[in-house]
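The values are calculated or read from the model by the stated rules, or taken from the named source; none is laboratory data. Owing to the predicted nature of the structure, the values given are computational and were not obtained by experimental measurement. Ideal geometry is used to build each Cβ from the backbone, glycine not excepted, and the neighbour counts take in all protein chains shown. Each accessible area value is taken on the protein alone, full model and side chains, heavy atoms only, with ligands, DNA and RNA left out. Shrake-Rupley method; radii C 1.70, N 1.55, O 1.52, S 1.80 Å.
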Amino acid sequence: MININDKLKSLRTGDGTRKAKAKETSGVGKTRSFTDHLVQQVDEISRPSLNEELTRIREALDDASHNLERNPTIGNLEIYRALLSNLIGKATKGAYEVEGVGPGWSLTDKHHVIRKIDEEAEELLLLVLNEQKDTLKIAAKLTHLKGLVVDLLS
């Protein structure tokens, strides 16, 4: 039996690497060695491309949707929702760029321009959402039932 928390932790990517990279770049005025530059370039090259990441998440989402359809439990729902959230987040970050234009410091004073960066990522996201319509309906029903159970217990 797989623990849900372990499964969710394994689905999250990049949690520790962001903190480590922030610590590395926080040293202002420090010179970096040739080895540091080389390691950084190797890391960037070996990092999977956006389409490879989206394909990997899509395959995991397909497996999670089949599990949810066969066994509609709250644990399977949480895994499915985490994967779907991860896919949508990565696809929108990779497909679009939002830029604030105009005078002023606050977000309400600026106009926002959205540019398409990667059309393939957008197409893949729309394809996945169209394929997952039935599973999304099941997930919505389970979420609704979960809310009813919480209301009854309150």
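Evaluate the range 72-83: report whether one residue or more is open to solvent by less than 60 Å² (accessible area, probe 1.4 Å), within 19 Å of Thr135 (Cβ to Cβ) and free of Cβ contacts under 8 Å to residues at least 24 places away in the same chain.
For the range 72-83, residues open to solvent by less than 60 Å² (accessible area, probe 1.4 Å), within 19 Å of Thr135 (Cβ to Cβ) and free of Cβ contacts under 8 Å to residues at least 24 places away in the same chain: present.
If I go through the range 91-113 residue by residue, how many of them are surrounded by 10 or more Cβ atoms within 10 Å (Cβ to Cβ) and over 18 Å from the mean Cα position of the chain (by Cα)?
6
Which pairs have Cβ atoms under 8 Å, sit 6 or more apart or on different chains, and link a residue in the range 117-143 that is closer than 15 Å to Gly89 by Cβ to one that is among the β-branched types (Val, Ile, Thr)?
So the pair list comes out as Leu124/Thr55; Leu125/Ile88; Leu125/Thr92.
Name, by its number, the condition in (1) at pLDDT below 80; (2) open to solvent by less than 100 Å² (accessible area, probe 1.4 Å) that does not hold for Ile138.
(1)
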